[in-house]
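Asker: Let me give you the structure first, and then I'll get to my questions.
The values are calculated or read from the model by the stated rules, or taken from the named source; none is laboratory data. Keep in mind it's a predicted model, so treat the numbers as computed, not measured. Here Cβ is always computed from backbone atoms with ideal geometry, including for glycine, and neighbour counts include all displayed protein chains. For the accessible areas, the whole protein counts, side chains as well, though only heavy atoms, and no ligand, DNA or RNA atoms are used. Shrake-Rupley method; radii C 1.70, N 1.55, O 1.52, S 1.80 Å.
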Amino acid sequence: MIYLDYQATTPLAPETFAAMEPWLKDGFANPHSAHAAGRAAAAAVEVARDQIAALLPKGGRVIFTSGATEAINLAIMGCGLPVAAAATEHAAVLDVVEYLDGRTFPVDITGLICPETHDDLASGSFGGPALIAIMLVNNEIGTIQPIAELAGAAHAKGNLFLCDAVQAFGRMPIPDGPDMIAISAHKIHGPKGIGALWVRDGVALTPQMLGGGQEQGMRSGTLSPALCAGFGAAAKLAAERMDVDAMHVSALWDRAASAFADWTINGSTAQRYKGNFNIRRDGVDAARLISECRNIAFSAGSACASGSGRPSHVLRALGLTDAQAKSSIRLGFGRYTTAEEIDMAAAAINRSAEAML
């Protein structure tokens, strides 16, 4: 199997597994217990919290959650403000926006926030204080938004700013500016089942899960020292390897762009995370292509919506037709992808695509 679906999840790093293993065996104590074993587990949690915080802006706190979806729900539901989000946000944001009768705003053909939206954010036309939600790196097309600038425009009129940084955390520096930042472990070679919400000092939230109030009173439930340790180790490794990983991913992008020269790249090629290669070719059936290339793991968009049969809402927001969206595929690569895998995958995908035309 050639794995090219790094936006959906990433392979567990060996260093991550090594950090988790002791807490899956002998270190099984409840980190909220007062005895020595519990205090040792709690200490491991705090080490992980510091490792994760090192990749985030100063002046905030890290709240562990079950993943970025819970973190986003805590941020949006917990702040108690009207919410507005980009039309290309992840379903974890858009579904909450719809539930709260919030609003969305458009992007241009590259996936960047439209200039008129910049003016909208600065003019205060949302009708009073609101929460603005814009992701740093889009999960389907890799477009990088100017988050610091957008957050500044939102703050100018008294709004709060939430950034979904799931696809960016550990891969690039996270800009200062947001009031809340949602992240996830399994996108950076960490374990599934844990994420976090970074909250700027002074931002008040209402808990959305009640019980024992274990996680700073904001998120009830027993923390897993193993998951926390794995997340922390993955973050520490990402910090150490950020430049090397970025160079590797950029080289893979160049190789993929050459191999798929007959395809059109969706989204910005300039303001983009290069580990996300979303392309289309007229006449290609993406679902059939994925089925035929069964030894290659790639997708037609977000894993959360891949089984719906609906065209990608992100590609539709760019102005693509339904037919163009359904002829698009997403190849995601990263730390453990090799150049040879890109070549082999491209040959197989292009061969199957040609047979459809």
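Asker: Anything over 27 Å Cα to Cα? Flag those among Lys236/Lys274; Lys192/Lys274; Lys157/Lys192; Lys192/Lys326; Lys157/Lys274, in the order listed.
Answerer: Working: Lys236/Lys274 22 Å; Lys192/Lys274 23 Å; Lys157/Lys192 37 Å; Lys192/Lys326 29 Å; Lys157/Lys274 34 Å.
Those over the limit are Lys157/Lys192; Lys192/Lys326; Lys157/Lys274.
Asker: May I pose another question? Excluding ligands, DNA and RNA, what is the solvent-accessible area per residue of the chain at a probe of 1.4 Å, expressed in Å²?
Answerer: Numbers: 14520 Å² over 357 residues.
Accessible area per residue: 41 Å².
Asker: Using +1 at the C-beta of Lys and Arg and -1 at the C-beta of Asp and Glu, which of Trp23, Phe64, Tyr99 has the Cα lying farthest in the positive direction of the dipole of the chain?
Answerer: Checking the options against the dipole of the chain, the answer is Trp23.
Asker: Quick check for you: which residues of region 67-101 have the amide N under 20 Å from the point 7 Å beyond the Cα of Thr9 toward its beta carbon?
Answerer: Counting backbone N atoms under 20 Å from the label point, the list is 67-72, 90-93.
Asker: Give me the percent of accessible area attributable to carbon and sulfur for region 231-280, probe 1.4 angstrom.
Answerer: Whole-percent figure for carbon plus sulfur exposure: 48.
Asker: Additional query: Compute, for Met209, the solvent-accessible surface of its heavy atoms (probe 1.4 Å) with the complete set of protein chains present, and express it in square angstrom to the nearest 10.
Answerer: In the full protein context, Met209 sits at about 80 Å².
Asker: Here's a follow-up. Can you say what percent of the DSSP beta bridges in the chain, counting only those with both residues inside, are antiparallel? Round to 5. Please report the intermediate quantities before stating the final value.
Answerer: Values: 23 of 38 bridges.
Of the beta bridges lying entirely in the chain, close to 60 percent run antiparallel.
Asker: If you look at just the Cα atoms of region 208-293, how large are its Rg and its Dmax in Å?
Answerer: 20.5, 57
Asker: Give me the dipole magnitude in Debye, nearest 20, for region 1-106 about the Cα centre, with unit charges on the beta carbon: positive for Lys and Arg, negative for Asp and Glu.
Answerer: 380 debye
Asker: Okay, moving on. I need the shape label for region 46-205. Rule: rounded when a/c is under 1.5, else prolate if a/b > b/c, else oblate, with a, b, c from the alpha carbon gyration tensor.
Answerer: Judged from the Cα gyration tensor, region 46-205 comes out prolate (a/c at least 1.5, a/b above b/c).
Asker: Between region 62-76 and region 207-263, how far is it from one alpha carbon centroid to the other, in angstrom?
Answerer: If we compute the Cα centre of each part, the gap is 14 Å.
Asker: For the chain, what are the per-bin percents of Cα-Cα distances with bins 20 Å wide, up to the bin holding the maximum?
Answerer: The percentages, shortest bin first, are 30, 56, 14, 0.
Asker: Tell me the mean residue ellipticity at 222 nm calculated for the chain from its helices only (DSSP H runs of n ≥ 4, each -39500 (n - 2.57), averaged over every residue, nearest 500).
Answerer: -12000 deg cm²/dmol
Asker: How large is the dipole of the chain about the Cα centre if only Lys and Arg carry +1 and Asp and Glu carry -1, each at its Cβ, rounded to the nearest 20 debye?
Answerer: On the way: 27 positive and 35 negative charges, 90 e Å.
It works out to roughly 440 debye.
Asker: Ignoring ligands, DNA and RNA, how do Asp245, Asp176 rank by accessible area with a 1.4 Å probe, largest first? Walk me through the intermediate numbers first.
Answerer: On the way: Asp245 25, Asp176 95 Å².
Solvent-accessible surface, decreasing: Asp176, Asp245.
Asker: In region 146-206, what is the volume of the convex hull around the alpha carbon atoms, normalised per residue and reported in Å³?
Answerer: 84 Å³
Asker: By how many nm would the segment from Gln271 to Thr110 grow when fully extended, if each residue of separation counts as 0.36 nm and the alpha-carbon distance is taken off?
Answerer: Fully extending the segment from Gln271 to Thr110 adds 57.1 nm.
Asker: Let me ask you something else. How would Arg241, Arg255 rank on accessible area, largest to smallest, probe 1.4 Å?
Answerer: Arg255, Arg241
Asker: How large, in percent, is the carbon and sulfur part of the accessible surface of region 88-129 at a probe radius of 1.4 Å? Each step should come with its number before you reach the end.
Answerer: Values: 1160 of 2100 Å².
Accessible surface attributable to carbon and sulfur in region 88-129 totals 55 percent.
Asker: Using a Förster radius of 25 Å, what is the FRET efficiency between Arg294 and Ala261 based on their Cβ-Cβ separation? Nearest 0.05, please.
Answerer: Here the calculated transfer efficiency is 0.50.
Asker: Taking all protein chains together and a probe of 1.4 Å, list His248, His186 from the most accessible to the least accessible.
Answerer: Result of the area sort, largest leading: His248, His186.
Asker: Then there's this: Contact order normalised by length for region 222-328, with contacts defined as Cα pairs under 8 Å and 6 or more residues apart; what percent is it? It would help to have the intermediate numbers written out before the result.
Answerer: Values: 69 pairs, mean separation 25.2, N = 107.
It rounds to 24 percent for region 222-328.
Asker: Taking a ≥ b ≥ c as the square roots of the eigenvalues of the Cα gyration tensor of region 1-99, is the shape rounded (a/c under 1.5), prolate (a/b larger than b/c) or oblate?
Answerer: Oblate is the answer for region 1-99, as a/c is 1.5 or above yet b/c matches or exceeds a/b.
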